[in-house]
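The block underneath contains the structure these notes are about, expressed in structure tokens.
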Amino acid sequence: MAITKILPRNSRIDLAIQYILNGDKTAERVLTAHMNCDPGREYRQMMDTKREIGKLGGRQCYHIIQSFRPGEITPELALEIAKEFAKEHLSGYEAVIGVHVDKEHIHAHTVFNSVNQDTGEKYHSTLQSYYQQIRAISDRLCREHGLSVILSGETSKSMSYVEWLRQSKGQPTFRSMLEADLRESIEDANDLGHFFLLMEHKGYEIRHGNRLGFRLRGQERFQYPGRKNATFTENGIRAAILGNLEEIETGQRAAFSDRPMFRPYRRHPKYTGFLALYVHYLYLLGKIEQRQYPPRMTPHLRQEVMKFEQYRTQFAFLRENNISTTDEMTAYQSRTEETLADLMKQRTILNVRKKKRQALYDALADVEALAPAKVCYEKGLSGMEEEFARYMQAVRLLERCGVPSEHLTQEKTEVYNQLAELNRQIRAERKKLALCREIQTASKQMEEDIRKTETRGKEVEHDEHRRR
């Protein structure tokens, strides 16, 4: 199996060549090869090609890396596969190949000129070229030489090589540990606030924002599991706590339902103001009343068709809130700003309350997360002194505060619940304000587009009448 990636380089080509031909990594340059260039003159020949064709600027070279599964391949076979790959995919390009054996996993490096010496064209790397050419050729060569390949259903695209390597050896990764802790906390939690408390007690820091982020204390970066799995978004977690996690994950039902509220049928009213403007504009774009595109739609209007979903959302917002005039829009915007200010004030008060208790909340989390370290320390295992000291410090702090742990835990859960709800409401109000601003900006352009289209239509109609 080979994990492939391509890296564009704008810096000096000679440094890239020196790196992949390093004798300490390539068994004294035994595991190297050249294509369309001579050993020792690679850099000069690549630069001569650029000068002759007149393409010295921009991208200088590309660097392809093929990383193979440990124990599955020999260095000689890795070099052979890299040479076959370069011969098939890089025809006409000057390329240098080096197989590195300085680490547990064997990996082949190929650096090639960005300019083709035969055609004079520059190489262009896209997502489509990666999957249809680089990845496809590499997988086929692996099959031909009896190596395994990444199946199309596997999630290698979103997995780093180190993570894949640990997973292939059956070793835990930070992502797998986080997902296991998330599932366990979801199963044990009574509500969203309780879930956050359980995750803190497992030793995680939590970042609230557009996405939920989790980081083990001591880690450098936050992880955002909701990007790959909707179950681990805030809405997905809330729904999973109420339902059955296994049914959600197997696809028997959605993680959360965004089905709109049932509304009984009613006749469409006669729209005025903003609503009439949006209906007219959507009709102009051919999106309502089964109308085909106008025969002479401008490039601007064709681009506007791509924004149909955005305009439909804005129209639904106007209709739901019964906004037709500029005065009604201004009044709604003022009410929303007042609501948002009030919610922000409530959140500030709650954050101040949380900050005063933060030391106790952290102590609760430390007692829960470091309990296994305490057991190991008491059994005489070495290396647990620092964790045991933190555990005892947290216990003493909780004892001195005079508040029972059960009461403190309940209080912390309530605070987290309230903060989560306030954050949800604040996001909703901010979205309303953003829609108001978008509508006010878009309405002026809509009026201008309608005026130009109607003027053009009248001119066409007048010309046709004259021809008759």
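Side notes on the structure shown:
- Equivalent-ellipsoid semi-axes of segment 2-163, from the Cα gyration tensor, Å, largest first: 26, 19, 13
- Where labels lie 7 Å past Cα in the beta-carbon direction, separation of R44 and D362 in nm: 6.3 nm
- For segment 1-69 versus segment 361-391, the inter-centroid distance based on Cα atoms is 51 Å.
- The ranking of V352, V395, V415 by Cβ neighbour count inside 10 Å, starting from the fewest, reads V352, V395, V415.
- Spin-label proximity, V30 to segment 64-85 - amide N less than 13 Å from point 7 Å beyond Cα toward beta carbon: 75-77
- Summary value for segment 174-249: 27 percent relative contact order, contacts being C-alpha pairs under 8 angstrom separated by 6+ residues.
- Taking label positions 7 Å along the Cα-Cβ direction at both H145 and N22, the computed distance is 2.2 nm, reported to one decimal.
- Sorted by Cβ density within 10 Å, fewest first, the residues K83, K412: K83, K412
- Residue by residue, segment 87-104 carries 3J(HN,Hα) couplings of 5, 7, 8, 10, 4, x, 9, 7, 9, 10, 10, x, 9, 9, 10, 7, 10, 4 Hz when phi is fed to the Karplus relation 6.51 cos²θ - 1.76 cosθ + 1.60 (θ = phi - 60°); x denotes Gly or Pro.
- Non-local lysine pairs in segment 2-163, meaning eight or more places apart or on different chains, with alpha-carbon distances under 15 Å, amount to 4.
- Where a label projected 7 Å from the Cα of S11 along Cα→Cβ would reach, residues of segment 52-85 with amide N under 16 Å: 59-64
- With a cut-off of 15 Å between beta carbons, the residues surrounding I137 carry a summed charge of +1, where Lys and Arg count +1 and Asp and Glu -1.
- Each residue in D327, D139 was given a count of other beta-carbon atoms within 10 angstrom of its own, and listing them fewest first yields D327, D139.
FYI, it's all coordinate maths here, none of it is from the lab. Please read these numbers as outputs of a predicted model, since none were measured by experiment. Cβ coordinates were reconstructed from backbone atoms using ideal geometry, including for glycine residues, and neighbour counts include every protein chain displayed.
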